[in-house]
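Only one structure is covered here, and it is reproduced in the block below.
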Amino acid sequence: MNTRPTRLFAALSLTLALAACQKLGGGGGDNAPSLAVGDSVSGEITSSSRLNYNDGSRHQGYKVTLKSGQAVALELGGSLNGQLSVFDGQSLLATASARGYEGEGDPGQVSLAFKAPKDGTYLVAVNSAGSDSFGPFKLKSSAVTPYDGKPLGADSEAIDWLMGEKQDYKLKVDKAGIYTIAMESGALDSYLHLTGRNVDVEDDDGGGNLNARIRAYLEPGDYTLGASSLNGTTGSFKLKVGLTPVDKDLIIRDGSALTVGQTAQGMIDSRGRRSFVLDLDSPRHVQFDAIADNFDSVLHVSGPGVDAEDDDGGNGTNARLTLQLGPGRYTVAVTSFGSQQGVFELETTDLGADVAAPVNSNRKDAAVEAAAAAAEAAAAAAD
């Protein structure tokens, strides 16, 4: 999760600027034109627009009359590098800027959603980003119907607007399995936090771009899903919940026994790890392969005289350890780089006296390895 103080400073500067113009009478709230919900207006910030006295930027205000609890979405477009804010008298209710973190965002597009705390008239301010920012803009308003509050479930989705810092949703799990929960938005730096039944998982950008995604094994029960934005903006987003059924033999608890020559299928827990126990009654030459499709696996084997770890010793980002082990009990832990969650396969292969890798190890890439070996043999024969 990234910390971006630049954005917080920009938001604070905007708050102070607009608050200052209200106190000095520059807001023009009483004389501002009206904007009805569902309408659009066009305007332009010029050198003759109302002045924000503390930083030299300019603004244009609009009056919006709302009922208590009424939700409104505002969209600012055009070439103006601008910002949006909503005031209830002298109180700032919401603010948004297109200037994202570390250069993210389109300066011409700003989205903001808010809910009226009471009946009344509110001031919507279109503010330039600085003393040298001018240009035309279009302000569009529309009514928002917030999510109806029904619990989410397997293979469901909901479209909603983020109105504040965080919104909580209920997730009802009827069937155990691997659940993929995604928060997708073009306006927000999405952030998800899932809690309940000994689960506490969070994610920022796991869904690609600025979308959040959580993948976790969930048992039946009730969970709470917190949706928020890391870049401090409001706007629309989609929540999607998918269920992947799992085999009844999927290992979801630590301490399960390994058998040399067999493959165990496991699920990385919320800590980003899963551990096994291997008991040997005689010396063995063993190869361990942790094979995962959606995370970078890491292997750690410890026991009598052994403490070994590997990250990418196998194919791709899969981990592999080849060890000469004596009799005794060993702990074999599979972890994910970056504490990612997901399903993996753990192969334990007895190499006997032959230290070469077995034919079926990392079998998902066996065809690639065989082709490479054939090409090498052909090249040698040609020479």
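For region 163-220, which whole percent of the accessible surface, found with a 1.4 angstrom probe, sits on carbon and sulfur atoms?
41 percent
Cut-off 14 Å, label point 7 angstrom out along Cα-to-Cβ of Arg329: give me the residues of region 292-306 whose amide nitrogen falls inside.
Inside the label zone: 302-304.
For region 97-247, what value does the Rg/Rh ratio take when both radii are computed over Cα atoms and Rh is the Kirkwood radius, given to two decimals?
In region 97-247, Rg relative to Rh is 1.04.
Relative to the present Cα-Cα distance, how much length would full extension add between Thr259 and His285 at 0.36 nm per residue of separation?
8.0 nm
Mind checking the per residue accessible area of region 194-316 for me, 1.4 Å probe, whole number of Å²?
44 Å²
Quick one: check the C-alpha center-to-center distance for region 281-325 versus region 134-168, whole angstrom.
A separation of 46 Å, based on Cα centres.
Can you tell me the accessible area per residue over region 48-186, all protein chains present, probe 1.4 angstrom, in square angstrom?
On a per-residue basis, 46 Å².
The values are calculated or read from the model by the stated rules, or taken from the named source; none is laboratory data. All figures in this text were calculated on a predicted structure; none of them were measured in a lab. Ideal geometry is used to build each Cβ from the backbone, glycine not excepted, and the neighbour counts take in all protein chains shown. Just so you know, the surface numbers come from the protein's heavy atoms only, side chains and all, with ligands and any DNA or RNA stripped out. Shrake-Rupley method; radii C 1.70, N 1.55, O 1.52, S 1.80 Å.
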